[in-house]
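Undergrad: Structure incoming, see below.
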Amino acid sequence: MTSASAAPDSGSSDTDPIDRVFRAALFDMDGTLIDSTPAVDRSWIRWGQEWGIHDSFREGMHGRPARSLIAELVAPEQVEEALARVQQLELADVDGITVLEGAAELISSLPDDRRAIVTSCNRQLAPVRLRVANFPAPSVVVTIDDTPRGKPNPDPFLEGARRLGFDAADCVVFEDAPAGLAAGRAAGCFTVGIVGTHPSHELDADLVVRSLTQVTVRVVDGGFTLVVTP
C-alpha cells in the first residue's frame with residue numbers, strides 16, 4: 001500500500017477518491033473525531049506509575065486496544081486487574097475532551113445509515129467521551145467489546161461495515177493511527193489518514209490529509225464521493 005500524493009505538506013489534493021463512489025464511512029473516534037489525548041495520557045501515566053512501568057511503554061500505544069497493550073506489560077494473571085484499573089482511571093478523567101476541527105461537519109453530512117464509529121474504546125468509555133465532547137454520534141458505534149480481535153486486525157471495521165449492511169471493500173475508513181490504518185487495509189477498505197497524533201510519514205494510507213476540514217462528501221446515487229481540498 002502506498003500513501004497518496006495528497007500528503008499534508010504537498011499543498012495539493014488527490015483526485016482519485018473523488019471519482020470513486022463509496023457506500024459507507026467508518027470513523028475511528030479518539031484522535032480522528034475527538035481529541036482525548038490529554039485525558040488518555042494522564043490516565044495511562046498514572047496507571048504506569050501505579051504498576052511501576054517505565055513511561056516508555058506509551059510509545060506506539062495510540063489506536064491499540066488497552067487489553068492487548070496491557071497483556072504485553074504485566075503477567076497473565078494480572079491482566080484483568082490492570083485492565084480494570086486503567087478503565088477506572090479513563091472513565092474518571094474526561095477533562096478537556098473536545099471535537100476535532102471538521103469532524104462534526106463531515107460525519108453529519110452523511111446519512112445515518114452510511115456512517116459508523118469504530119473505536120478501540122470499550123462500550124462504557126466510548127459514549128462517555130462522545131457525550132463530554134458533545135459529539136453528534138451515529139446510530140452505529142462499534143467498540144472493542146463487539147469483536148473478538150481489535151485493531152490492527154480487520155475485525156472492527158468488518159463489523160462496522162456488516163452492521164451498516166455493506167461490503168467493507170465499498171467503505172472508506174478515517175483513522176489517525178497506524179494500527180487503525182492497518183486494520184482498515186486488512187478489511188479491504190479505502191483508507192484516509194489524518195495527521196495529528198502521528199506525523200504524515202507514519203501514516204500508510206491511500207490518502208493523507210492535515211485535518212478533516214480538507215474533506216467533504218458529495219452524495220450521489222448509491223453512496224457518496226469524497227472531495228479533497230488543499
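Undergrad: Quick check: is even one residue across segment 175-185 over 22 Å from Pro65 (Cα atoms), in contact with an Asp or Glu (Cβ under 7 Å, 6 or more places away or on another chain) and crowded, with 24+ Cβ neighbours inside 10 Å? Working first, answer last.
TA: Kept after step one, since they are over 22 Å from Pro65 (Cα atoms), are these residues of segment 175-185: none.
No.
Undergrad: Quick one: which residue in Val208, Val219, Val227 is part of a strand (DSSP E or B), in contact (Cβ under 8 Å) with a residue 24 or more places away in the chain and out of contact with any strand residue (DSSP E or B) (no Cβ under 7 Å at 6 or more places or on another chain)? Full working, then the answer.
TA: Details: Val208 fails: out of contact with any strand residue (DSSP E or B) (no Cβ under 7 Å at 6 or more places or on another chain); Val227 fails: out of contact with any strand residue (DSSP E or B) (no Cβ under 7 Å at 6 or more places or on another chain).
Checking each option against the conditions leaves just Val219.
Undergrad: Would you be able to tell me the number of residues in segment 104-148 that are polar (S, T, N, Q) and either under 10 Å from Phe27 (Cβ atoms) or without any contact (Cβ under 8 Å) to a residue 12 or more places away in the chain (or both)? Working first, answer last.
TA: Kept after step one, since they are polar (S, T, N, Q), are these residues of segment 104-148: 108-109, 119-120, 122, 124, 134, 139, 143, 147.
Then keep just the ones that are either under 10 Å from Phe27 (Cβ atoms) or without any contact (Cβ under 8 Å) to a residue 12 or more places away in the chain (or both); that gives 119.
The qualifying residues number 1.
Undergrad: Kindly provide the set of residues from segment 186-207 that are open to solvent by less than 30 Å² (accessible area, probe 1.4 Å), of a type outside the set (Gly, Ala, Ser) and under 21 Å from Leu110 (Cβ atoms), ordered by number.
TA: Within segment 186-207, the subset open to solvent by less than 30 Å² (accessible area, probe 1.4 Å) is 187, 189-194, 198, 203, 205, 207.
Now drop any that are not of a type outside the set (Gly, Ala, Ser), which leaves 189-192, 194, 198, 203, 207.
Cys189, Phe190, Thr191, Val192, Ile194, Leu207 - these are the residues of segment 186-207 that are open to solvent by less than 30 Å² (accessible area, probe 1.4 Å), of a type outside the set (Gly, Ala, Ser) and under 21 Å from Leu110 (Cβ atoms).
Undergrad: Just need a number here: residues in segment 18-56 that are touching a residue at least 40 places away in the same chain (Cβ under 8 Å) and either open to solvent by 10 Å² or more (accessible area, probe 1.4 Å) or of a type outside the set (S, T, N, Q) (or both). Break it down into steps so the answer makes sense when it comes.
TA: Taking segment 18-56 as the starting set, the residues that turn out to be touching a residue at least 40 places away in the same chain (Cβ under 8 Å) are 18-40, 42-44, 46-47.
Keeping just the survivors that are either open to solvent by 10 Å² or more (accessible area, probe 1.4 Å) or of a type outside the set (S, T, N, Q) (or both) gives 18-31, 33-35, 37-40, 42, 44, 46-47.
So the answer is 25.
Residue-wise test of (1) closer than 14 Å to Ala103 by Cβ; (2) modelled with pLDDT of 95 or more; (3) not charged (D, E, K, R).
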| residue | (1), (2), (3) |
| --- | --- |
| Glu175 | yes, yes, no |
| Ala179 | no, no, yes |
| Ile194 | yes, yes, yes |
| Pro199 | no, no, yes |
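Undergrad: How many residues does segment 123-153 hold that are over 15 Å from the mean Cα position of the chain (by Cα) and of a type in the set (A, V, I, L, M)?
TA: So the count comes out to 3.
The values are calculated or read from the model by the stated rules, or taken from the named source; none is laboratory data. Everything numeric here is computed off the predicted structure, so don't read it as measured data. For neighbour counting, all protein chains shown are included, and Cβ atoms are generated from backbone atoms with ideal geometry for every residue, glycine included. Keep in mind that these areas ignore ligands, DNA and RNA; they rest on the heavy atoms of the full protein, side chains included. Shrake-Rupley method; radii C 1.70, N 1.55, O 1.52, S 1.80 Å.
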